[in-house]
């Protein structure tokens with residue numbers, strides 16, 4: 001496999017506008033996410049930027065920045081557009097979609113997802129972690145995933161359904177979906193070419209389009225929940241976590 005990491009980023013976030021440039025210890029958030037992608041050591045890292053100011057913020061980093069249309073429907077569409085420009089000869093056959101609002105994402109999790117793609121022989125891989133707070137079960141902002149475990153390893157399996165409601169019914173331990181995706185490139189092509197499915201529209205979850213297309217999604221269950229920055233409180237938490245990480249490595 002020849003992976004490429006693509007980080008989609010745009011300024012027009014509904015809950016935290018301009019968050020790619022939010023300051024974290026003197027650097028814009030997008031630089032921290034770029035660093036996590038590079039640290040994984042999987043292959044080249046692209047920034048799929050929806051705005052020129054994001055590209056401007058990365059001057060001097062040596063990053064591969066591809067400007068994409070501002071109004072693309074999703075991060076997956078932005079990744080696909082950037083990769084089509086960067087690699088028209090299709091040298092890279094695995095696409096890691098690392099969201100641009102995850103500055104504390106562990107590179108180890110990126111490498112774990114790649115290994116599952118090969119182990120389970122699936123089209124797409126994502127991650128999940130056990131729901132630790134019972135209140136999360138009913139929170140629609142917390143996406144749950146129903147997984148059929150692998151016979152060889154109960155900590156990985158195939159996704160059956162994603163929902164904002166508690167699924168599967170009767171489960172003792174629910175799984176909180178983590179929004180990282182690793183696509184085989186042909187699967188990403190199929191995904192972005194397709195129209196949103198009916199269930200995708202109802203749940204407002206794009207991964208349901210992949211299931212409707214018959215694409216297989218592998219899931220690795222991990223013991224940590226990466227922080228996505230959607231609010232000012234999340235931003236403060238990201239600053240706290242990265243400060244602690246810097247102290248441990250200094």
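Readers should treat all values here as calculations from the given coordinates under stated rules, not as data from a laboratory. Given the structure is predicted, the values throughout are model-derived calculations rather than measurements. Positions of Cβ are generated from backbone atoms using ideal geometry, with glycine treated the same way; all protein chains shown enter the neighbour counts.
Quick look at the numbers
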read-out	value
DSSP bridge orientation in the chain - percent antiparallel, rounded to nearest 5	55 percent
Residues in the stretch 50-88 that a label on residue 186 would reach, taking backbone N under 19 Å of a point 7 Å out along Cα→Cβ	80, 84, 88
Relative packing of peptides 147-154, 133-140, 63-70, 88-95 - highest average C-beta neighbours within 10 Å first	63-70, 88-95, 147-154, 133-140
The chain: equivalent-ellipsoid semi-axes (sqrt of 5 x gyration tensor eigenvalues, Cα, Å)	27, 22, 18
Distance between the stretch 16-92 and the stretch 190-250 - C-alpha centres, whole angstrom	16 Å
Estimated 222 nm signal from helices in the chain, with DSSP H stretches of n ≥ 4 weighted -39500 (n - 2.57), rounded to 500	-9500 deg cm²/dmol
Ranked list, fewest to most other Cβ atoms within 10 Å of each Cβ, for 86, 191	86, 191
Sequence of 160, 47, 24 once ranked by neighbouring C-beta atoms within 10 Å, starting from the fewest	160, 24, 47
Modelled FRET efficiency - R0 35 Å, residue 14 with residue 245, Cβ distances, 0.05 increments	0.75
